[in-house]
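Coordinate-derived values only; no laboratory data. If you're wondering where the values come from, they're calculated on a predicted model, not measured in any experiment. Ideal geometry is used to build each Cβ from the backbone, glycine not excepted, and the neighbour counts take in all protein chains shown.
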Amino acid sequence: MYNQGHHDPAPIRAISPDSLGGPMLKYIAIPGLFALGLSLGCGGSQSSPAQTDSQGHPDESAPADGGKAKIERYAAKEADVNAYIVHDGRDAIIVDSTRSAAEGAEVAALVAATGAIPSALLITHGHPDHYLGMGAIKQAYPDIAIVVASQDIKADIIGFTAWMEEQGWLEAQPQMKRKTATNPSGFDYEQIAVLSQPKLTLAGGTELTVRSDYLPSEAEHMSTVHVDELNAVFTSDLSYNGVHLWLGVGVTHQHIENWKGILHQFESEFAGMTIYPGHGPPTDTSVFATNEAYMDDLLTVVAEADSAEAAVAEMARRYPDYKNVDFLLAMSVEFQRTQLGAE
Ligand SMILES: [Zn+2]
């Protein structure tokens, strides 16, 4: 298990942001960002689930031929993030929960549509677009166990939540503020359990193997899940498909090197398996080389561009179909500009 702080001199160890805000305001003054976080936090998800395969259409659910278990993907609108459901029709394990109560409730509804009762919700890492929906899922399924792969990830989640509270970013979702003596109606983050073994098993016997021994990369601490029975790997944010990668605050050059190293290993390790990324639709292992090349491209473009705007425009030109230009790409360019010469 990696101990935090080896590589990253940044003072924000437990709270590197993902898709929606984060501590970049400590570093970069970007007009409107605060408003962006608030508006996405309160209003971004009340409309219909246009991108959601709420009935589990075949392109999004990919059961292995003859396998017992199936996979459903909930494609959130906020942050283009995914929540996944692995189920056997009786029991289900949910992987990540989206960023909002509204979309978390839709994940719960998607679980209900499978007929399964979920036993566990695994949060892969401490970025809010992956965990803020867990309150709604817990409300729908009070008996569900919310689990993480390591104590570090639990600390990341609580640390990020505390930071968001300080920033006023949870005013739109007050139920996800921490439960304390003075806020008894808050969410009890202490209920998050650390897995005692790196494995989750569906009632029908399907095994999900959880791995968390990764160097800091997209997040300080990350976990992945693979399901051999389904030939499936849930990479969480170690891979993005068709969505701009988060290379924003906290993702130093060292983290990028670590990340590329992990992906390079994945290329052979997961050959032939279906890849379920943290953001964007399922794909194959070619996504790893694509993501590695993207990181190189972004660093090159940032180094060569005269301005942040020019860098964003050039990346958007090179990756015309990628989603989330305004937040993920813009924030990544801003932060990587601050990293030039920082080594
Ligand atoms: Zn993410």
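For the peptides 222-228, 299-305, residues were scored by their other Cβ atoms within 10 Å and the scores averaged per peptide; the highest-first order is 222-228, 299-305. Each of 214, 189, 74 was scored by other Cβ atoms within 10 Å of its Cβ. Arranged with the fewest first, they read 189, 214, 74. A simple spin-label model places the labels of residue 90 and residue 325 5.0 nm from each other, with each point 7 Å out along Cα-to-Cβ. Fewest-first ordering of 103, 267 by other beta carbons within 10 Å of each residue's beta carbon gives 267, 103.
Simple spin-label model, 7 Å along Cα-to-Cβ: residue 194 to residue 303 in nm? Result for the modelled spin labels: 3.9 nm.
Calculated from the alpha-carbon coordinates, segment 63-157 shows an Rg and a Dmax of 12.5, 39 Å respectively. With each label modelled as a point 7 angstrom along the Cα→C-beta vector, the residue 313-residue 207 pair spans 5.5 nm. When only Cα pairs under 8 Å and 6 or more residues apart are kept, what is the percent relative contact order across segment 152-262? Relative contact order, segment 152-262: 17 percent. What whole-number distance in Å separates the alpha-carbon centres of segment 259-282 and segment 172-213? Comparing the Cα centres of segment 259-282 and segment 172-213, I get a distance of 25 Å. At full extension, residue 112 and residue 253 could sit 46.5 nm farther apart than now, given 0.36 nm per residue minus the alpha carbon distance. Contact order for segment 84-220, expressed relative to its length and based on alpha carbon pairs under 8 Å spaced 6+ residues apart, stands at 22 percent.
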